Each structure stands twice: as C-alpha cells, then as structure tokens.
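A.B. asks: Starting off with a structure, shown below.
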Amino acid sequence: QVVPVVPRLKRARSAKVMKGRAVTGEEFERMLSALNRLPARQRPGLRFLLRGLWLSGLRLGEALLLTWDQWSDGIRIDASGKYVKLLIPAEAEKGAKDRTYPVTPDFAELLLSVPKEERTGWVFNVEGKRGPTRRADTVSKLIVRIGQGAGVKVDERNKRTKEGGVERASVYASAHDLRRAFGLRWARRVMPMVLKELMRHENVSTTEKYYVEVNADETAALLDALNGKGAPEGAPSRGEGSVKQ
C-alpha cells in the first residue's frame, strides 16, 4: 500500500507585537509642558503639531506635508463646506485612488482656530536647530526628545554598548505613539469601519488591533468589578455568588 504524500502546511504568520504604546492624556499634557525646555522660537510650531497629531491620527510625514492650498498636488485640508475634510491624492495613498476623508470634530476645531487669512501654505510649521524644517526624521527626533524630557517611556529595547555588550535602553514617546493614542481613544467610540476611515487603513484587520486592546482593558475592569474590587464597605462580593442573573 502506497502512503499518500501530504503537503506540508504553511505555518500561519503570528501577529507582530506592537512596539511602543499609546500615550495617555496625562502623559500628553506632560509633553506639552516639556516644550518649555526648548528655545522659545520652536515652541509654537511644535505645540500646534503635537496637538494636531494627537487629535488627527495623522502620520508624521502626512502632517508635515499637509497644506491649506486647495489647488496643491499634495495632501490638503478642505474647510470650504459644512464639515472639514482631508483630501489625499492617489499618489499619496496606498490604494492609488484620490480619496476624501472626514476629520474628527476636535481636530476640525483646532484647524478652524487658525484665522482665515492665515490659512495658506503648510498647516504645520516646525523650527529645527537651523530654521524651518519639513524633514520627518528631524522632526521625529525632536518629538522623541520632548517625550524623553517629559519622562514618557513607552518601551525598552536592547542596545549595544561601546564595549560590545548589550544593555536595556528606554524608548520614549514618538509621533507614532500619538497616532496609537488617537486610534485607542476613538476605538471606544466608533465602529471598526468608521475608525478605519479615520486612520486611513487599507484593511480593517489593521484597525481591529485597537479594539483588541480596548476589549482587554474593559474585560479586566469587568473582572475587577466581578471580584468585588471597589465595592462599598460591607457589600457582598460579586465573586461570592452575588452576581444578578
């Protein structure tokens, strides 16, 4: 009897663990306060950018290229109608299509706080050491410096020492951690397909990881409640059979 050859099954790819984490509201306020350690000329532009990243979920490269100019070829703001919208041309989109996206009300409020006569050119303007810069790597390092100054640690990683050894090094908040915070906040408020639009993900599976984190936190809170944590003094513990049927 001939034994049939069974094709080798491919191992499913495991999901990558996210590096970093979402910045909390309290940590974000600390980052804004840490701006005071920078030269005065750098503070206004970086403050407006940080607030924009926090409220919009924009990637840093997108934010630095965002313009008010209606006839620009790049990513731009349309504030001409009832609602503020984000216009992204095909060459700037993974899906290679011109797209229009909604923005959240709080981000729209930030944008509309700019006087009409000043809504020209770039939306976000950052001063580096040598003057205005639109380089994502330069601005990214500035934001990490702010995160470090605020003590907002988001991860640890192995780092080689000068002697050739390895040591653990702290990783501080970056622009992408602000984007994560945006996704996590809105995952508590909207359905997956809406969050997908807000974050401009190509696939909803990318969006759903935010719901996994939200669900884990909310499940843990529920388990705490069921275990009687925070119950009034003298009240029976739900863990002792007091759960209502």
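A.B. asks: Out of the helices (runs of 4 or more DSSP H) lying entirely within segment 126-206, which hold 2 or more residues that are among the β-branched types (Val, Ile, Thr), modelled with pLDDT of 90 or more and open to solvent by 20 Å² or more (accessible area, probe 1.4 Å)? Break it down stepwise before answering.
C.D. replies: On the way: elements: 136-149, 175-187, 192-199.
The helices (runs of 4 or more DSSP H) meeting that bar are 136-149.
A.B. asks: Tell me, which residue of segment 40-65 that is farther than 22 Å from Val103 by Cβ and out of contact with any strand residue (DSSP E or B) (no Cβ under 8 Å at 6 or more places or on another chain) is surrounded by the fewest Cβ atoms within 10 Å (Cβ to Cβ)?
C.D. replies: Ala40
A.B. asks: Residues being open to solvent by 80 Å² or more (accessible area, probe 1.4 Å), assigned to a helix (DSSP H, G or I) and of a type outside the set (Asp, Glu): count how many of those fall in segment 95-125.
C.D. replies: 3
A.B. asks: Just to be sure I understand the filter: pairs with C-beta atoms under 6 Å, separated by 6 or more residues or on different chains, first member in segment 107-132 and charged (D, E, K, R), second member surrounded by 15 or more Cβ atoms within 10 Å (Cβ to Cβ). Which pairs pass?
C.D. replies: Going by the 6 Å Cβ cut-off, the qualifying pairs are Arg119/Trp68; Glu127/Gln42; Glu127/Gly45.
A.B. asks: Within segment 74-91, does at least one residue satisfy the condition of being open to solvent by 30 Å² or more (accessible area, probe 1.4 Å), touching a Ser or Thr at 6+ places or on another chain (Cβ under 8 Å), over 30 Å from Ala150 (Cα atoms) and in a loop (DSSP other than H, G, I, E, B)?
C.D. replies: no
A.B. asks: Only one residue in Val154, Val171, Val114, Val84 is touching a Leu at 6+ places or on another chain (Cβ under 9 Å) and closer than 25 Å to Glu29 by Cβ. Which one? Before you say what the answer is, go through the steps one by one.
C.D. replies: On the way: Val154 fails: touching a Leu at 6+ places or on another chain (Cβ under 9 Å); Val171 fails: touching a Leu at 6+ places or on another chain (Cβ under 9 Å); Val114 fails: touching a Leu at 6+ places or on another chain (Cβ under 9 Å).
None of the other options fit; the residue is Val84.
A.B. asks: Looking only at segment 79-103, count how many residues are within 25 Å of Val190 (Cα to Cα) and at pLDDT below 75.
C.D. replies: Within segment 79-103, residues that are within 25 Å of Val190 (Cα to Cα) and at pLDDT below 75 number 4.
A.B. asks: Moving on to the next point. Checking the structure you have, find out if any residue of segment 36-52 is in a loop (DSSP other than H, G, I, E, B) and either touching a Ser or Thr at 6+ places or on another chain (Cβ under 8 Å) or farther than 22 Å from Asp177 by Cβ (or both).
C.D. replies: yes
A.B. asks: Of the conditions (1) surrounded by 17 or more Cβ atoms within 10 Å (Cβ to Cβ); (2) without any contact (Cβ under 8 Å) to a residue 60 or more places away in the chain; (3) of a type outside the set (A, V, I, L, M, F, W, C); (4) under 17 Å from Val154 (Cα atoms), Glu29 clears all except one; give me its number.
C.D. replies: (1) is the only condition that Glu29 fails.
The values are calculated or read from the model by the stated rules, or taken from the named source; none is laboratory data. Fair warning: this is a prediction, and the values are worked out from it, not measured in the lab. Here the Cβ is made from the backbone with ideal geometry for all residues, glycine too, and neighbour counts use every protein chain on show. Accessible surface areas use protein heavy atoms only, side chains included; no ligands, DNA or RNA. Shrake-Rupley method; radii C 1.70, N 1.55, O 1.52, S 1.80 Å.
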